[in-house]
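The values are calculated or read from the model by the stated rules, or taken from the named source; none is laboratory data. Computed from a predicted structure; not experimentally measured. Counting neighbours? That spans all protein chains shown, and the Cβs are built from the backbone with ideal geometry, glycine included.
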Amino acid sequence: MKRNLKFWTRYTWECTGMVLAVAAVLAVIAAFGAEGLDLRALATVVPYFLCIGAVFCIMVGNSGTQTLYVPLLLSMGETRRNVLLGFHYFRALIIAVMLALCAAVWLLAPGEVSAVGLRSIPTILCVLVIASAMGSIMGTVFVRWKWAGMILIILLCGLGGGMVGFAGSMAGNFLTARTFEIASHLAALPWWLPAAALAALALDVGFQWMLLRRQEVKL
Amino acid sequence: MNERLTEQKSIYLQISEMIETDILREILLEEEQVPSTNELAKLYTINPATAAKGIGLLVDEGILYKRRGIGMFVSKGAREKILSKRKAAFAENHVAPLLAEARSLGISKEELLTMIGERN
Amino acid sequence: MSLHCENVVKTYGGKDVLHDVTLDLKPGKIYGLIGRNGAGKTTLLSILAAQNPASRGTVTLDGEPVWENRKSLAKICCSRELNANAESGLAAMKAKEYLRIAATYYDGWDKALEERLVKLFDLNVKKKLGKMSKGMLSMMTIIVALCSRAPYTFLDEPVAGLDVVAREQFYKLLLEEYASSGRTFVVSTHIIEEAADVLEEVIILHEGRILIEADTQAFVDSAVHVSGKIEEVDAATAGLEVHHPETVGRSKGVTVFLKPGQRVDGSRDVSVQPVSLQRAFVALCGEEAAR
């Protein structure tokens, strides 16, 4: 288990770096789009950029992990059970890191937006869990059904990319009054979101274990 | 010890013959240590078990002996032993094929002896 | 004490790739797994290392199952032939990264040996695997295998991309590691020439079946090439296991595999010559190609 923790923890930091990079790019776009730069206001919306980056990176990262690291670790003598446990440890850890970063920023830069931001953390958790499960399912599908998986991944990556693009174009508006409006929406946790998150996770784990049990190592 | 291996004969036989030849040529002296199995294995890129088999053959014949914890050594009188062994095998290994070839070429015994005489 | 597989069958898409393979790998030996391309060598090794599930049959190490058993798996390293083509995720991975992960996952990883081998092979580990030549990828396979220090180590086609000098270098390294550690190695290869003297035991896999599992020297010694006039050859080899006949005019050559106690009839006017492992292998597995 020690090697598992070592490998997946390191991988978590690498992915965190990627998310921070995406968030930084969005923050720069937002800063340029805003009339009269208010650093404090910018800081309070940075966690949202972080979340967008996290959704994107976790989705792409998980599908990549499923196709690369899972077979690689199997080829190095890890059991399927441990590979699955390690992978889920990574997924839990990166979501925890993201939530912690968001919370930290909002606590350090208090304000109207920050207050609703802190209240929207459960929603963000659900969204990240769903993104994580979707990414993993994409990877599993790709491993099992090469071409169908590829098409699905392209579609979802397009979706993810579109989202980032949309977020980028919106970034300028983020510092306007609408920020609060959007943030408030997020703060209200609809009843079905946790249910959807749980369902996605269950579907993902079941599907993953079903395939992993018989998976062939092809590198 | 620096001959090359061929495919015409079992490797372990070649190993033991090479060591014998080195003793005959006094490249290896009596009461001197011979290379270890692993050294031979690495030198010829062969399995250590094969090298050990070749050495074992010489131990069985009393040409090499083992000093516990140190390695293999050339026995006293090893050279003499190899000489008499090879002389005994000379007729079979070298004269017989010579005569067979001479016969198929129609070379008479007298001609053959003359040829040998001229060689010196 | 052994790595044992019993009645292993592997089926891909309704086609049997391995038929009922039973094998016993004893500790402290160098095995050669030889076979033509597509004979099932990689499939067999990956099943022995539990990388792929067998369709039927069992694999055990010292009596314990290998499948999903970390205790057994920790003693096995199956260093794969890396195939870093564009569609493989490995292509974008740096060699350094691959070695780092291997070092994390193999408990006995020998870092000093890794550094020595990287230097010896003059490998640029900052390079991506996808940008490496076939020879460099073979070197990666070799480094992972030797540095893993696993008691049972499989090398899948470690010499396929190497030139003859590098191959000799590899076999010397393998012997050095073998002599100092007594680990069990299984080397799969279709390049037999220099391998023959290194491999203590030879396993010949042909079309998913084990044809031969024997002491290499004994197997090579049991094979002879008999040639001469057709009738003489036929008479001299009557009742023996004859393979790979080749005739030119009145002359014929065959490879004979002698069972203990058998011999070629010496009273006939034929030439009897020893054969190399490579020739013996071609005689056994190359019959369709010769026909």
> Only one of (1) over 17 Å from the mean Cα position of the chain (by Cα); (2) at pLDDT 95 or above fails for A:Leu93. Which number is that?
Replying inline: (1)
> Yes or no: C:Leu90 of a type in the set (A, V, I, L, M, F, W, C), in a helix (DSSP H, G or I), touching a Leu at 6+ places or on another chain (Cβ under 7 Å) and more than 9 Å from chain A (Cβ to nearest Cβ)?
Replying inline: no
>> Need a quick list: strands (runs of 3 or more DSSP E) entirely within the stretch C:100-215 having at least 3 residues that are surrounded by fewer than 20 Cβ atoms within 10 Å (Cβ to Cβ) and not hydrophobic (A, V, I, L, M, F, W, C).
In response: C:209-215
>> It is to be established whether one or more residues within the stretch B:75-95 are modelled with pLDDT under 90, within 14 Å of chain C (Cβ to nearest Cβ) and surrounded by fewer than 18 Cβ atoms within 10 Å (Cβ to Cβ).
In response: no
> Can you pull out the residues in the stretch C:12-26 that are exposed (fewer than 14 other Cβ atoms within 10 Å of the Cβ) and at negative phi?
Replying inline: C:Tyr12, C:Lys15, C:Thr22, C:Asp24, C:Lys26
> All but one of (1) outside any helix (DSSP H, G or I); (2) touching a Ser or Thr at 6+ places or on another chain (Cβ under 8 Å); (3) not charged (D, E, K, R) hold for A:Pro110; which doesn't?
Replying inline: (2)
>> If C:Ala238 satisfies all but one of (1) surrounded by fewer than 19 Cβ atoms within 10 Å (Cβ to Cβ); (2) more than 14 Å from every other protein chain (Cβ to nearest Cβ); (3) among the small types (Gly, Ala, Ser); (4) assigned to a helix (DSSP H, G or I), what's the number of the condition it fails?
In response: (4)
>> For the stretch A:85-117, which positions are touching a helix residue (DSSP H, G or I) at 6+ places or on another chain (Cβ under 6 Å) and either within 14 Å of chain C (Cβ to nearest Cβ) or closer than 28 Å to C:Ala150 by Cα (or both)?
In response: A:Gly86, A:Tyr89, A:Phe90
>> For a quick check of your reading: which helices (runs of 4 or more DSSP H) sit entirely within the stretch B:1-91 and have at least 2 residues that are farther than 17 Å from C:Ala179 by Cα and of a type outside the set (D, E, K, R)?
In response: B:11-24, B:48-60, B:78-90
> If you check C:Glu97, C:Glu81, which single one turns out to be more than 7 Å from chain A (Cβ to nearest Cβ), within 25 Å of C:Thr42 (Cβ to Cβ), of a type in the set (D, E, K, R) and without any contact (Cβ under 8 Å) to a residue 40 or more places away in the chain?
Replying inline: C:Glu97
>> Being under 27 Å from C:Phe154 (Cβ atoms) and modelled with pLDDT of 90 or more: is that true of C:Glu213 here?
In response: yes
> Out of the stretch A:4-26, which residues are of a type outside the set (S, T, N, Q) and buried (at least 19 other Cβ atoms within 10 Å of the Cβ)?
Replying inline: A:Phe7, A:Trp8, A:Tyr11, A:Cys15, A:Val19, A:Val22, A:Ala23, A:Leu26
>> Can you pull out every residue in the stretch C:244-264 that is modelled with pLDDT of 90 or more and among the β-branched types (Val, Ile, Thr)?
In response: C:Val254, C:Thr255, C:Val256
